[in-house]
1. Using packing as a proxy for protection, rank 285-293, 125-133, 73-81, 219-227 so that the peptide with the highest average count of other Cβ atoms within 10 Å comes first.
2. Would you please report the Å³ per residue occupied by the convex hull of the alpha carbon atoms in region 81-152?
3. Looking at region 66-308 only, what percent of DSSP beta bridges run antiparallel? Nearest 5 please.
4. So how much slack lies between residue 332 and residue 237, counting 0.36 nm per residue of separation and subtracting their Cα-Cα distance, in nm?
5. For the pair residue 159 and residue 94, what calculated FRET efficiency results from E = 1/(1 + (r/R0)^6), where r is the Cβ-Cβ distance and R0 = 35 Å, to the nearest 0.05?
6. Please give the contour-minus-distance gain from residue 366 to residue 340: 0.36 nm per residue of separation, less the Cα-Cα distance, rounded to one decimal in nm.
7. Please give the peptides 380-387, 322-329, 167-174, 229-236 ranked by average Cβ packing (other Cβ atoms within 10 Å per residue), highest first, as a rough proxy for protection.
8. Could I get the Rg over Rh figure for region 132-201? Both from C-alpha atoms, Rh via Kirkwood, rounded to two places.
C-alpha cells in the first residue's frame, strides 16, 4: 500500500444514552505531537499511532505521586517542588486537558505551571507553549522556565506573535495580554500545543458588562476554535467583585474542553445563583451554595496558605524616624498650598510621588503642567528645589 495522505478514523460515540453519528478525523490537520514510533515500519502505522495519541487512545497520563513523574531528571538539581505543587500537577493530569490553578499568593503557581509543562514535554504531548502574562512578569517567566526547568523561551510583542517560534524544538513563547488581544486570532491553527494564562482574572467581565472587553472575546473565540490542546490558567483571585467572574472562568474552561457550561446560559445562571441584582451579582443564593461550589471545584484547584503547611517568616514592621533636611521641608511647604486648589485625585497622585522621590514628583508635575492640570510655576519651582536635594545626596 502506498503512502496515505489521509487516514480516517471512524468511531461511534455514546452520549446521554444516545448513539451519535460517526466521527471522521483528517490527520493531515493534526499537529505533530508524538516523537516516539518514528521507526514505524510504514507511514500507515505511524499515522495510525498519531491518531490514537491525539484521541487519548494511547498511553494515558497516570501520576499518583512523584515517583510516576518522567520529567524529574530535567529539574531535579534545579528546583525542589513543594508537595502542593506536585499535587497541582497530578490534579491537572486528572482533569486533562484544561484546569485553573487558584492557589493563594506566594505558593508558587509559576513552579506548578513549570512542572506541568515539563511533564507534558517529557511525555511527548507538547512542544510549543504560549504563555500570556502581564508585561511586568515576562522576564520572571523566562528566567524561571530556563533556570528551573530547562525550557527555553522567547519574549515577543506586537506583530512578532504571528510568526513567533520557541528558540528550540521544545520551548515557550511569552507575550502580554495586549499583544494577544491584537494578534491572537492571527495565530495559525495548531501553532501552539499549550496555552498558559497567568493572572487569568484579567479576562473577567466577559459577561454582565457592556461593552464586553475585547481581550476576553479574543480568548473565548481562540479556546472555542480549539487552537490549543492543553490550557492551564493561573490566578490567586478568581473572583474580584462579582459572581460573573466565576461564571466567565468556568465558561472559558468548558469551552476549551468542548463542553456546555454547567452553569447554563447567562439568564439561567442569574436566576438560579444570584441573590441580588444581576448587575451587582455579589450575593450567592444560600440554598445554591453547595451546587455552586461543586461546579467551580470541578474545574478549579485551589490551595490556601494554611493547607500548604509551609513556614513563612514572621513579618515584623519597624518604624525608623528620619529628620527631613532643610530643602526637603522647603519642598513640602512649596506644594502644600497649591495642591489644595486641585481636585482630590490630583492631590493623591502628587502626594504619592512626593513620598516616593523628588525625581518622581518632578516628572509627575511636569507632565501635569504640560496637560494644564497643574500650575507651570509650581512644576518649575519644584524642579529647582529637587536639583538642590539631588546635589546634597551626591555630596554625601
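1. Working: 285-293: 12.0, 125-133: 23.3, 73-81: 14.3, 219-227: 18.0.
In decreasing order of mean packing, 285-293, 125-133, 73-81, 219-227 become 125-133, 219-227, 73-81, 285-293.
2. On the way: hull volume 7.3 nm³, N = 72.
Per residue, the Cα convex hull of region 81-152 comes to 101 Å³.
3. Working: 1 of 24 bridges.
Within region 66-308, antiparallel bridges account for around 5 percent of the total.
4. Values: separation 95, 0.36 × 95 = 34.20 nm, distance 3.83 nm.
So the chain would gain 30.4 nm between residue 332 and residue 237.
5. Details: r = 38 Å, r/R0 = 1.09.
Rounded to the nearest 0.05, the efficiency is 0.35.
6. Details: separation 26, 0.36 × 26 = 9.36 nm, distance 1.78 nm.
My answer for the length gained is 7.6 nm.
7. Values: 380-387: 16.8, 322-329: 11.2, 167-174: 18.9, 229-236: 22.8.
Highest mean packing first, the order is 229-236, 167-174, 380-387, 322-329.
8. Numbers: Rg = 11.5 Å, Rh = 12.3 Å.
We get a ratio of 0.93 for region 132-201.
Since every read-out is calculated from the coordinates, none of them should be taken as a lab result. Keep in mind that this is a model prediction, so the values were computed, not measured. Positions of Cβ are generated from backbone atoms using ideal geometry, with glycine treated the same way; all protein chains shown enter the neighbour counts.
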